[in-house]
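Take a look at the structure set out below.
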Amino acid sequence: MWEWKHLSGRGWLRHTMQASQMAGLLLLAGAEMILHTLLPFWQQPQFLRVENVADTLKSRTKKE
């Protein structure tokens, strides 16, 4: 059964926007890791490195 309580504080639109931003960040970081595997001397941007992606996800999920 779907749980609607997690939308109560933010609303559907804001929840959808935040979820799409987090999904975009994960997809972009995954693509950058594959590119980094193919081109090992290319350095990833700071905001797409594993530690920063993990910190971003932790901070956004704590706001709920």
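Quick note: the coordinates plus some simple rules give every number you see, no bench work behind them. Since the structure is predicted, the reported quantities are computational estimates derived from the model, not experimental observations. Positions of Cβ are generated from backbone atoms using ideal geometry, with glycine treated the same way; all protein chains shown enter the neighbour counts.
Details
- For region 9-64, the list of chymotrypsin sites (Phe, Trp or Tyr not before Pro) that fall in a loop by DSSP and count at most 16 other C-beta atoms within 10 angstrom reads 41, 42.
- Modelled spin-label separation between residue 33 and residue 17, with each label point placed 7 Å from Cα along the Cα-to-Cβ direction: 2.9 nm.
- Computed Kirkwood radius, in angstrom, where 1/r is averaged over Cα pairs of region 14-58: 11.1
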